[in-house]
Structure formats: structure tokens, C-alpha cells
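Structure, as C-alpha cells:
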Amino acid sequence: MRLEVGTFQIRAIEFGARTGVAGGTLVVDKDEVRRLVLGDSHFADVQVHLVRPGENVRIINAKDAVEPRWKVSGPGGVFPGFVSAPTTVGEGRTHRLGGVAVLEVAEPVPGEQTHFREQILDMSGPGAEFSPFAQTLNVALEFTPNPSLFPSASVDAKDVLGGTNEAEDYNRATTLACLKVAAYLARATADQTPDHVETFELTPCAPVLPRVACLYHTQANYLYGMKIALPFGTLVHPNELFDGALVGWRQAYRSTYWDQNNQAMRELYQAHGKSVNFVGCVLFYDLTPEREQKERVSSAAAKLARLLGAQGALLLGINGSNYAIDTMLAIQQCEKLGIKTTLIYLDVGYGPDDPGFVHAAPEADAIVCIGSRDRKITLPPTAKVIGGQRLASSAADPRGELTVNQRDIHTACSTQGFTRQTTRFF
Amino acid sequence: MSTIRVVHYLNQFFSGIGAEEHAGLGPAKKLGVVGPGMALQQALGEGAQIVATVYCGDNYANEQANAIDAILALVSEERPDILIAGPAFASGRYGLACGELCVRAQDRLGIVAVTGMHPDNPGVDLYRTKVHIARTRESAAGMSDAMKVMAQLALKLYARVPLGTPQEERYMPTGRRVHFVAEQSAALRAVDMLVKKMSGQPYATEWPVPSYSQVEPAPPVQDLTHAKIALVTTGGVVPRGNPDRLEAAYASKWLKYPIGELNDLKPSDWQSIHGGFDTTNVNADPNRMAPLDALRELEREGAFQDLADELYTTTGNTAAIPTARRFAQEMLKELRANDVQGVILTSA
Amino acid sequence: MAKELEAAGMPVAYVTTLDGLARSVGAPRIVRGKAITNVAGDPNLRPSDEKALRKEIVNKALRALTTPVKESTAFD
């Protein structure tokens, strides 16, 4: 599978009569964007904000971030299962608008669970260093739900993590809206020549190079449009992620943008043919309160790595309650098979007595730490707030000074590999 | 540049007084080095001098009120720059005394204080976040090595030279976290680390997993049919309404509730307030977390003699180890007072 | 807590789903529970079957209490 990704590097965004890219500037036709979104009756309104790095703006209730991409040639289209048919992608040529993100901004709706929902994005000031989207030119879509969708203000969530069916359904709609807008923006470049083109192909390698798989512990994302657990894992080619096969925001702090640009896979691609033979990616995830489920999913993930012939596995882990055990079991299963593992992981320690692991296996002896979930960061007052009147998890005034945890900053705790934040333990 | 003044603390055994029979010895002091202090002086080199050795029996140090303060007073008399205590190796009472003494020396005298213990020493869990503890071998066979490590740590701390990681400098992790922005992305660092690991080259994890001390398991219950057992849970099971406000996480206490008259736990009367998992199933049937019904059945069948009259409960949601240990100590007093011989402990 | 009690001479049968965690922490006597949300039960079973499962788990716990162990041991 060979994918060419053509980049249009964007340095400025503005509203204008017609959506298009010229000379590094993205012009956004706001009315057209609104029309696209409001075609879905889930929404009573949507505001379109252009938000730029350095502005004195705080976006609250931020959720997913999506990079504008459009497939110009090759089978299928971007965001399969949402914007395009759900058939396999990852080949041909895809255009991207570099430096731009479409942001999903939405207050929690009734029935939506708000645990770890807080995601604040400061475009300037001390908070900006923690979120990559303080460096992108953002098209922030702020959604107002159709009130008739939520007949009663308080409902019992059936799914503790996902919330009610109505909330899940609405969240799918906001995800879809962002994907549609992201595709629409990039589509404007369909007939243009990109600034540069990068080719992604897992070419044959010298047999002496060690075979490496990426084992990606995802969480309740959409894969080719399906919200589905992966109790037996599944194999994907990294190019599928670059074309938007895996989308949606979840509490593992991941965003679609950083799967379209997954840095772990990009670094493995960089090393491919030089120090490794990158053989593919295993996605795995299950909701596993039961011991047997944990054993099953972790064993299956390791088995897929084995079937790929992997000698090494780079794990993107989830260090949260239930899932931490699955990540660690997967590591143990791999190491038992002789597959050497390295793990990208978040410290969730609460105080010095807490080593920061929900669960730790001695085999996890090669960990890259992406920082500490409960590190306290003080955000100064801001001139402007986008995204609602209230924070998701506190009564504090969103415009004022806020002391937050690192996890409350938008995607600051993602293990998708892009961050340079880290913690060392003394 | 004046010589750094060091005081060395030892217990009754290492100070040469005697073994267990002298563990009740009160605090005393000798000028200069005593016993293994020679090895410590050698490790310290010329820039530092052990001006005095303070010693005390382990039982006295642990059991007498004001013992640590009395020891500290003797230390303080020498106006030291540094206190080095032990090493205590795996000896629990010695370790606890060393740990507590070092903490107070830091706090009250404002001096550098360092000790040394084997990872299994109970003093490690209690003191590692407050005091630098050199990692030692289990017994005095590791003495000279322990002295080297303690001396290096102490001198570096005195000179305010930033310490390397616990792995590099061989001390127990203190839990102190330093946050910074690395040169390279996590992804690049991870790929580099993996390549090294696969090729057998040395690599260093950024974050070592904790190694937990091992304990000597208790002997089994000898005659279960005539034994009393107790039911303890960390699943946060409490009477409905949580009348004593047990916390859903970071529990500050444990509680006990009478179950002597009960054959099971009814959902109308009991619940779980544990914040770390979905308690729906347990709330529908609390026996799923605290299996009283099954225990009563087995009690009737004679599998064991008696079930303790109280259910002991707390929330094990990220309870720090020192807290959990304190709970266990407190519960133990009650369990022993009630002739309990074995515990069934349930958790998530 | 289990380790502290054991170290003091009180045998403890630790019933938990997270037996891997219990083992790496070093709890001496481990009995594997059914699930995090119902360690000694299973809402998917008929009540009589669930009670039998619970009794079996408790029996394992009793067996653990009467078995000498040298290191972290799981009782199935």
C-alpha cells in the first residue's frame, strides 16, 4: 500500500466569499460551513470561529481535532464510514492542509458522562505549551444541540463511560460534522499542486532489520465508521490512519488529528529500512471489568504482533483504571513470546507516595513518560472564552485564573507520541 | 574550607554493645568513629569527618516516647553538617529509627540526613518520600558498598549538587517528580529505546516500575474448623447512606459495622461508595463484594467455627501504601483482641 | 494491607480480580475474583448459580488460609 500525502502549508486563515487555498492562506466560506453542518437536524446552531496561535483566547469544552484532508486519487475517500464509503483506504494520493485543525467544541449534553471531559485550550500564555493546537490555525466549530433531542434534563446513563444513547448519538453527529468540514476545506485543493509530497510505503527491507509493530491501545473510537470494541484486536496499515480510518475523541486524550499524523507511526516510518522493519499496526481495546476479558484482549493483541513476525512492539498505552491492566498484560504477553516492548505512558500518580501506575508489570522496563496527569498548571485570566459559559467539571469562571491538572488541557495527556512533555522520577 | 562535620548513628548491634538482649539500651554517644564508622569515614574521604557516633537500642528507639528526640539532642550537640544513619539493611526496627531520626534532623536541625536500607525494610515505604535512603543489600555483607553509596549521596546533597536518578545514584525513589520539555518527541524517544532494547544495547527506562518489598507470609490457620475468621473489604461497602462518610477515594479511615446478626447483606441496607469502578452490580447485591451469605452458609456447615461480628471496610481506591499499612496495623489490634485467626480480604 | 497483616502473622486470603497486580505487589495468598464490578459474584448467572460461584470463591479463600505458602501464590 503506497500513499502519497501532499501538503499545502497554511500560514494564515480568514473568512471570505469562497473556500480556497492560495499562497499559504486558507479562506473559509463561513456560510457554506454552516450550511454543511446545519443540514444535520441534530443542531440548532453552529458558530464558526477562526482562532489563531498567540491570540488571547481560551477554548473550553474542546473535544476532537481533525486535520483537513481530501483524497484526490486512489481507492475510497477520507474518513471512511463517515464522509466516504467504509472501504479500506491508505493508498493513492491525499491532500492535507498543514498547520490547520478543525476543532469540535461542544458543551456536555444531558446524559453525557463528564468524567475526564474537561479539555481547555489556551492559544497563548503558559497553557499553550501543553496543547499542540495552540500552534495550529483552528477552525473551531461550536455546536448548539437541537433541544428536542434531550427531552428530560437529567437521565441515567446506561453506559457509564459513554452516556445515554441520545448523548452517544449526538456525539457521533458532532464528530461527523467536524469530519465533513475538514474534508470540505481540503477538497478545495483537489486540482492544485501541493507544496511538497511525502510518500508512505512499507517497502521491502534488509532481512537483518528487526521487525517492529505498533500496538495501539485505543479507546472506544470509530473505526471505518463503527464504534466498536476490539476484543481480538485488528490489524491496520498505518496509512489507513493517515486517511482518517480511526476517528473520534475519547478520554484517552487522543484526537483524530494525531492519528492522521500519528507520530509513533511516522517515526517508525522514518526508521523503516534504516534501523527497523516496520511491519504494521495492531489496534486493540475492550471494556474489560472481567478478568477473562483482560486476558483475552491482551493475548489476542500479542498474537497479532506475533503473526506479523514482530520482534519488537511499540505500545501506545492507556494508564487508566481498567485499561492499565490490559496494557500491562499485553506487554507481558509480548515479552513471553520474545517480542521486546517499549511503552509510551502517562504518569497518573497522586503525590509522592503514589508511583503513578495503576498497575505495573516488571516486564515494562522500557517506558517513555509523557508527563504527569495531575500536574498542576495555573492558567491566567483570558480575554475571550469560546465554547460555552461553564467548564465541564468545575464551577470556576472560565474567563478567570484557573488552576487545572495537565489532563484538563486539551490533548496534553495523549500517548499518540507527539508530545515533548515529560516527567522524571527522583 | 573547613571540614564537613558528620555524625553517624548506629543501633546496639553495630555499635558493638550487643545483640537483641541489648535492644533496650538508651541513647549514648562516643566521639569519633565506632565499628563500621571506619568504613564510612573512608568512603567520606578527607573533606568530611565523623566527629561523633550516636547509638541506641532498637527497642528503645521504637518504643520509648521521646526516644528519637533524645537521640537527636545528642546529635545536635555536635553541631553536625550531615547525619548518616545506619545502614539498617533489612532490619525493620533499626530502619524505622533511622528514618524517623533523619526526618527530624532535616526538619529541626536543617542538616543533610541520609540513611540506607534494603528495599524490603518497612522503613522504606514510610520514609522514602521524606529522606534519601541508599539502597543496600540485605545484610552486613553489603556494608562497605552501602557506606560508599550513603557517603556519596550525603556529600552531593551537602554540596547541593543535583542528584541523578534513583537508578544511577542507588537510592530509593522518593516520588519527587520533575517536569520538563524534552528535546525529542515521545515517539522518537520510544523508537530509539526500542531499537536499543532489541539489539541488546543498554537502554534506560524513563520511568522504572515500582518494585514492591516481599513479606514473609504468615503461617496458615492450623485448624480451620475451630477458628474464627474475619471479613474485611476494601470495596467501600457501607450501610446505605454512608452514615460515617467513608470516602470514595483516598480513604482517610477504615470502619467496622456489626454483622453478627445478619445472614447476608441486603441491597436495601448496604451499598458500595467506591469511586474507582462501576458499583451497580455490588449495589444490586452487596454480597458480591462482601460475601457474607456464602460465609454464613459455610459457617453453618462447619467449615470454620466463627465469623467475626464485625465487617471491616474501607476504600482501596489509590490508597497510598503508608496509609494502607496503618489501617492494617490498627485493624490487626482489633482482630487479635477478638481472637481472629485468619482474614478474607476482598477488593475490586 | 494484605501484606502488612501477613507480615504480622495474620494469614489473609486476598480475593481480587486484579490478581496480576496482587502478585506483582507481593500479596502472599491470592484468590482470583470474577470481575472488577463483582469480585464474588456474576449478575449474568441465575441466582442459584451465582450463589454457588460465590461459595466456591469463598471456599478457595478458606483453602488459601489453611495452606502454607512461601511466596505470592494464586489459588484457583
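The values are calculated or read from the model by the stated rules, or taken from the named source; none is laboratory data. The model shown is predicted, which means the values in this text are computed figures rather than measured ones. Neighbour counts are summed over all protein chains in view; Cβ atoms, including those assigned to glycine, are modelled from backbone coordinates with ideal geometry. Each accessible area value is taken on the protein alone, full model and side chains, heavy atoms only, with ligands, DNA and RNA left out. Shrake-Rupley method; radii C 1.70, N 1.55, O 1.52, S 1.80 Å.
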- prompt: Dipole magnitude of chain B about its Cα centre, charges +1 at Lys/Arg Cβ and -1 at Asp/Glu Cβ only, in debye to the nearest 20?
  reply: 1400 debye
message: Given the options C:Leu65, C:Leu18, C:Pro47, identify the residue whose Cα lies farthest towards the positive end of the charge dipole of segment C:2-75 (+1 on Cβ of Lys, Arg; -1 on Cβ of Asp, Glu).
response: C:Pro47
task: Can you find, among A:Val102, A:Leu304, A:Pro132, the residue farthest towards the positive end of the dipole of chain A? Put +1 on the C-beta of Lys and Arg, -1 on that of Asp and Glu.
output: A:Leu304
query: So what is the relative contact order of segment C:2-75, in percent, for Cα pairs below 8 Å that sit 6 or more residues apart?
result: 34 percent
field: Relative compactness, segment B:134-227, computed as alpha-carbon Rg over 2.2 N^0.38 Å
entry: 1.65
task: Whole number in Å², please: accessible area per residue of segment C:2-75, 1.4 Å probe, ligands, DNA and RNA not counted.
output: 35 Å²
- prompt: Sequence-distant or interchain residues sharing an amide H contact under 5 Å with A:Gln9, placed H: which?
  reply: A:Gly98, A:Asp195
- prompt: Using the heavy atoms of the protein chains alone and a 1.4 angstrom probe, what is the accessible area of chain A per residue in square angstrom?
  reply: 35 Å²
task: Positive end of the charge dipole of the protein assembly as shown (Lys, Arg +1 and Asp, Glu -1 on Cβ, about the Cα centre): tell me which of A:Val348, A:Thr114, B:Leu157 has its Cα farthest that way.
output: B:Leu157
15 Å Cα-Cα reach of A:Lys30 towards aspartates and glutamates, excluding residues that sit fewer than 8 places from it in its own chain: A:Glu14, A:Asp45, A:Glu142
query: At 10 °C and 1.306 mPa s, what whole-number value in µm²/s does Stokes-Einstein give for the translational diffusion of chain A, with Rh from the Kirkwood sum over Cα pairs?
result: 72 µm²/s
- prompt: From the backbone phi of segment B:134-146, what are the Karplus-calculated ³J(HN,Hα) couplings (6.51 cos²θ - 1.76 cosθ + 1.60, θ = phi - 60°) in whole Hz, Gly and Pro given as x?
  reply: 5, 7, 10, 6, 6, 10, 5, 4, x, 4, 5, 4, 4
statement: Net charge (Lys, Arg +1; Asp, Glu -1) of residues whose beta-carbon lies under 10 Å from that of B:Tyr55, B:Tyr55 excluded, is +2
- line: segment B:1-119: relative contact order from alpha carbon pairs under 8 Å, six or more residues apart, as a whole percent, is 29 percent
Share, in percent, of DSSP beta bridges within chain A that are antiparallel, nearest 5: 45 percent
Translational D in µm²/s for segment A:196-353 (Stokes-Einstein at 37 °C, 0.692 mPa s, Kirkwood Rh from C-alpha pairs): 207 µm²/s
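How many percent of the accessible area of segment C:2-75 is carbon or sulfur, using a 1.4 Å probe?
Ligands and nucleic acids excluded, carbon and sulfur reach 52 percent.
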- request: With springs only between Cα atoms under 10 Å apart, run a GNM on chain B and tell me which of B:Asp120, B:Asp81, B:Asp264 wobbles the most.
  value: B:Asp264
message: Before we go on, tell me the buried accessible area for the A/B pair, both chains summed, 1.4 Å probe, in Å² to the nearest 100.
response: 4200 Å²
message: I need the phi-derived Karplus couplings for segment B:67-82: 6.51 cos²θ - 1.76 cosθ + 1.60, θ = phi - 60°, integer Hz, Gly and Pro marked x.
response: 4, 4, 5, 5, 4, 4, 4, 5, 4, 5, 3, 8, 6, x, 8, 9
- line: Rounded to the angstrom and largest first, Cα extents along the principal axes for the protein assembly as shown equal 92, 77, 58
query: Short version: what are the Cα gyration tensor semi-axes of segment B:95-184, square root of 5 times each eigenvalue, largest first, in whole Å?
result: 21, 16, 14
- prompt: Dipole size in debye (nearest 20) for segment C:2-75 around its Cα centre, Lys and Arg Cβ +1, Asp and Glu Cβ -1?
  reply: 140 debye
For A:Ile318, residues with placed amide H under 5 Å, excluding near neighbours: A:Thr327
message: Compute, for the protein assembly as shown, the length of the dipole vector about the Cα centre, with Cβ point charges of +1 (Lys, Arg) and -1 (Asp, Glu) only. Units Debye, rounded to 20.
response: 1440 debye
message: Only Cα pairs within less than 10 Å get springs; with that Gaussian network setup on chain A, which residue of A:Cys214, A:Cys205, A:Cys281 has the largest fluctuation?
response: A:Cys205
- request: Classify segment B:1-159 as rounded, prolate or oblate, taking a ≥ b ≥ c as the square roots of the eigenvalues of its Cα gyration tensor: rounded when a/c is under 1.5, otherwise prolate if a/b is larger than b/c and oblate if not.
  value: rounded
query: Which whole-Hz ³J(HN,Hα) couplings does segment A:306-321 yield from phi under the Karplus relation 6.51 cos²θ - 1.76 cosθ + 1.60, θ = phi - 60°, glycine and proline marked x?
result: 5, 5, 6, x, 5, 9, x, 9, 9, 9, 9, x, 10, 9, x, 3
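Which whole number in µm²/s is D for chain B by Stokes-Einstein, with the Kirkwood Rh taken over Cα pairs at 25 °C and 0.890 mPa s?
Translational D for this selection: 105 µm²/s.
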- request: Quick one: which residues, 5+ away or cross-chain, put their amide H under 5 Å from the amide H of A:Lys340? H built at 1.01 Å from N.
  value: A:Gly312, A:Ala313
- prompt: Label B:Ser252 and B:Gln64 with points 7 Å out from Cα along Cα→Cβ: what is the distance between them in nm?
  reply: 3.5 nm
- request: Within 10 Å of each Cβ in peptide B:165-172, how many partner chain Cβ atoms are there on average? Round it to a whole number, please.
  value: 1
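Quick one: divide the alpha-carbon radius of gyration of chain C by 2.2 N^0.38 Å and tell me what you get. Please report the intermediate quantities before stating the final value.
Details: Rg = 12.7 Å, N = 76, 2.2 N^0.38 = 11.4 Å.
Cα-based Rg divided by the globular estimate yields 1.12.
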